[in-house]
Amino acid sequence: ALARSVVIASGVNYRRPDIPGLEAFEGSAVHFWASPVEAKLCASREVVLVGGGNSAGQAAVYLASHSANVSMLVRGKGLSETMSQYLIERIDALPNVTLLTETEITALEGEDGRLEAVRWTNRASGVETRHEARHLFLFIGAEPNTAWLSRCEVALDDKGFVLTGSAVSKETLGLETSLNGVFAIGDVRSGSTKRVASAVGEGAQVVATLHRFLADPAISPTGMAG
């Protein structure tokens, strides 16, 4: 089929640590984002968060305002190389965020999708700790679903996310890719905020951009599959 425009909204695949039985808790106790829905589930509860980047730091700060305590696990020796200083300072100032460095989750306990406890091990000392918690948050990055674009000549950044707007040309419409009439929105777009609300906002924004693009009588069908 011919299409005058295409919108790429193929999203990402969130990275998952190699933890036995992890999939049994996904959708109920294991989360890859922190929205008001998750915050309500964690009200006054112990939660565990894995990750040391800015998204993990933002989630830790947000969850700390709702949960009893946030145990924040990172593989490195600290946060200085992976997180903005302002977030590090905010986390340091929160009495109910516990930062555990050089630490990895080794096991999950529970049944029927209900998480009861998390076991983690300090890589430096080898000491394993059992911590009762009902919710686990994973903020260890994501892989964009863009492998299918390899033959489409759509420009990607060094991590495989779709480049748009001024990143490809000063004359390109805000959400337009390197191909005329092809747009990208949501998590798959380079530089986007990886949040549901942001993706929804870009979805609304691209509608207006499409109307502007399609109103140009000089545009002819691209010949791309719709």
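Name every residue in the stretch 83-124 that is touching a helix residue (DSSP H, G or I) at 6+ places or on another chain (Cβ under 8 Å), closer than 23 Å to GLY141 by Cβ and not hydrophobic (A, V, I, L, M, F, W, C), in order of residue number. Those that are touching a helix residue (DSSP H, G or I) at 6+ places or on another chain (Cβ under 8 Å), closer than 23 Å to GLY141 by Cβ and not hydrophobic (A, V, I, L, M, F, W, C): SER84, ARG90. Per the listing ALA34, ALA24, ALA56, the residue uniquely at negative phi, part of a helix (DSSP H, G or I) and buried (at least 20 other Cβ atoms within 10 Å of the Cβ) is ALA56. Quick check, is THR164 closer than 29 Å to ALA29 by Cα and of a type in the set (Ser, Thr, Tyr)? For THR164, the condition - closer than 29 Å to ALA29 by Cα and of a type in the set (Ser, Thr, Tyr) - is not met.
Counting only residues that are among the basic types (Lys, Arg), open to solvent by less than 80 Å² (accessible area, probe 1.4 Å) and part of a strand (DSSP E or B), the stretch 119-138 holds 1 of them. Suppose we filter GLY141, GLY174, GLY186, GLY191 for residues that are open to solvent by 40 Å² or more (accessible area, probe 1.4 Å) and within 15 Å of the chain's Cα centre (by Cα); which single one remains? Criteria check complete, one pass: GLY191. Annotation: of all residues in the stretch 37-53 being without any contact (Cβ under 8 Å) to a residue 40 or more places away in the chain and outside any helix (DSSP H, G or I), the one that is nearest to the chain's Cα centre (by Cα) is GLY52. In the stretch 192-225, the qualifying residues are those that are within 18 Å of ALA34 (Cβ to Cβ) and among the polar types (S, T, N, Q), and the one that is modelled with the highest pLDDT is SER192. The single condition among (1) open to solvent by 20 Å² or more (accessible area, probe 1.4 Å); (2) assigned to a loop (DSSP other than H, G, I, E, B) that VAL154 does not meet is (1).
Here are GLU109, GLU116, GLU89: which of them is open to solvent by 50 Å² or more (accessible area, probe 1.4 Å) and more than 24 Å from the chain's Cα centre (by Cα)? Of GLU109, GLU116, GLU89, the one residue that is open to solvent by 50 Å² or more (accessible area, probe 1.4 Å) and more than 24 Å from the chain's Cα centre (by Cα) is GLU116.
In the stretch 59-75, the residue that is nearest to the chain's Cα centre (by Cα) out of those that are open to solvent by less than 10 Å² (accessible area, probe 1.4 Å) and under 8 Å from THR98 (Cα atoms) is MET72.
The values are calculated or read from the model by the stated rules, or taken from the named source; none is laboratory data. Just so we're clear, the structure is a prediction, and the values are computed from it rather than from any experiment. As a convention, Cβ positions derive from the backbone with ideal geometry for all residues, glycine included, and neighbour counts pool all protein chains shown. For accessibility, only protein heavy atoms count, side chains too; no ligands or nucleic acids. Shrake-Rupley method; radii C 1.70, N 1.55, O 1.52, S 1.80 Å.
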